[in-house]
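One structure is given below, encoded as structure tokens.
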Amino acid sequence: MRDSLPPHRTIVRFAPSPNGLLHLGHARSALENWRTAEREHGTFLLRIEDIDADRCRPHYETAIFEDLSWLGLDWPLPVRRQSEHLDAYREALAELQALDLVYPAFLSRADSARAIASAEADGAAWPRDPDGAPHYPGAERAMAASQRRRRVEAGEPFAWRLDMRAACAGAAGRLQWLEADGAAGRMVEADPASWGDVVLARRDTPTSYHLSVTVDDHVQAITDVIRGRDLYHATSVHRLLQTLLGFPAPRYRHHGLVTDASGRKLSKSDGDTAIASMRAAGMSPASVARLAFAGEAPGDDQTF
Ligand code: GLU
């Protein structure tokens, strides 16, 4: 039996956060993953990304299960819930700490905005990340270890940030990923430096989106990360973290986003496009699936 298994078994995941109802964009992403797994006789995993305790709610998790089952999807149990694996993220963070690639960043959002505004008032163009947010100033990179320790021990709020320049130097060499958007796919150059010193963990939560997604994709042996185009640039950070932590790179595919009538990406607060509302309005799973893929020209994934 074993000999007849394909050498590379496809494992994909859909990884929503239970902080609102799933909308058409999520249906699209879940179905992209599901169909890939079906086509390639692979495995579709559901992962619950619930590290943000302030915003995640159990009833939204229940709604995720209901909506996806209604769409006709199923997945192996138990699902991986990020809040149950904080030690795994702590361990990855400790590796980066041992490499001296992270530092405690003490500036509040307001402090940081003030520092940036004053640099800009002096005429300096302040760098922005691919989402348009200004880079973190990062003066603490040069702080003496004893001073860092003293401030941490004094209970000052802080976040662990990646020292991006040192991390890129540590990863040494070109970082790329395979974007599987055509028959052959194409290699994309990663540009993690465009993000500045990203947050990897917070004082009370030993992880962040970037760190937990990188660890989980590795732990779950994900071969193909299929997700919306809004996360295309984040892949640069994930490739860097994979390299620093010694994880192999999965393949990636960033699919088109479902947009509203004015071309804006859907949001969880927009109830009309919630899968649950469509179900309540009497739509069938097949018509929701059709709508989730409507307006996508063939090959559209290659145009960004
Ligand atoms: N949890 C993320 C979200 O809901 C998705 C993460 C990913 O697919 O990498 O947007």
Exercise. Based only on the alpha carbon positions, what is the Kirkwood hydrodynamic radius of the stretch 42-185, in angstrom?
Worked result: 19.5
For this session: Would you kindly find the accessible area of E40, with a 1.4 Å probe and non-protein molecules such as ligands, DNA and RNA excluded, rounding to the nearest 10 Å²?
Result: 70
Seminar exercise, completed: Computed ³J(HN,Hα) along the stretch 132-137: with the Karplus parameters 6.51/-1.76/1.60, θ = phi - 60°, integer Hz and x for glycine or proline, the list is x, 7, x, 4, 5, x
Seminar exercise, completed: The answer for the longest stretch of the chain without any exposed trypsin sites (Lys or Arg not before Pro) (DSSP loop, at most 11 further Cβ atoms within 10 Å) is 1-173
Exercise. How large is the Kirkwood hydrodynamic radius of the stretch 203-268, in angstrom, based on all distinct alpha carbon pairs?
Worked result: 13.3
For this session: Tell me the Kirkwood hydrodynamic radius of the stretch 1-105 in angstroms, computed as one over the mean inverse distance between distinct C-alpha pairs.
Result: 15.8
Exercise. Non-local amide H neighbours of L200 (under 5 Å, H modeled in plane, Pro and chain starts lacking H): which ones?
Worked result: W160, R161, L162
For this session: With 10 Å bins from zero, work out the P(r) of the chain over every alpha carbon pair and list the percent per bin.
Result: 5, 24, 32, 25, 11, 3, 0
Seminar exercise, completed: Total charge of the residues flanking V225 in space, meaning their Cβ is under 9 Å from its Cβ, with Lys and Arg +1 and Asp and Glu -1, is +2
Exercise. Which far-off residues, 5 or more places away or on another chain, put their amide H under 5 Å from the one on R251, with H placed in the peptide plane?
Worked result: D224, V225
For this session: Anything in the chain that counts as a DSSP H helix reaching 27 Å or more along its axis (C-alpha) with Kyte-Doolittle mean of at least 1.6? List them, would you?
Result: none
Exercise. Rounded to the nearest 20 Debye, what is the dipole magnitude of the stretch 85-131 about its Cα centre when Lys and Arg each give +1 and Asp and Glu each give -1 at the C-beta?
Worked result: 180
Seminar exercise, completed: Given backbone amide H placed at 1.01 Å from N, residues whose amide H is under 5 Å from that of V102, ignoring those fewer than 5 places away on the same chain, are D163
Exercise. Evaluated at 37 °C with a viscosity of 0.692 mPa s, what Stokes-Einstein diffusion coefficient in µm²/s does the stretch 185-304 have when Rh comes from the Kirkwood expression over alpha-carbon pairs?
Worked result: 195
Exercise. In a Debye calculation with equal point scatterers on the alpha-carbon sites of the stretch 126-222 and no solvent, what is log10 I(q)/I(0) at q = 0.13 Å⁻¹?
Worked result: -0.62
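The values are calculated or read from the model by the stated rules, or taken from the named source; none is laboratory data. Computed from a predicted structure; not experimentally measured. We place every Cβ from the backbone using ideal geometry, glycine too, and count neighbours over all the protein chains shown. For accessibility, only protein heavy atoms count, side chains too; no ligands or nucleic acids. Shrake-Rupley method; radii C 1.70, N 1.55, O 1.52, S 1.80 Å.
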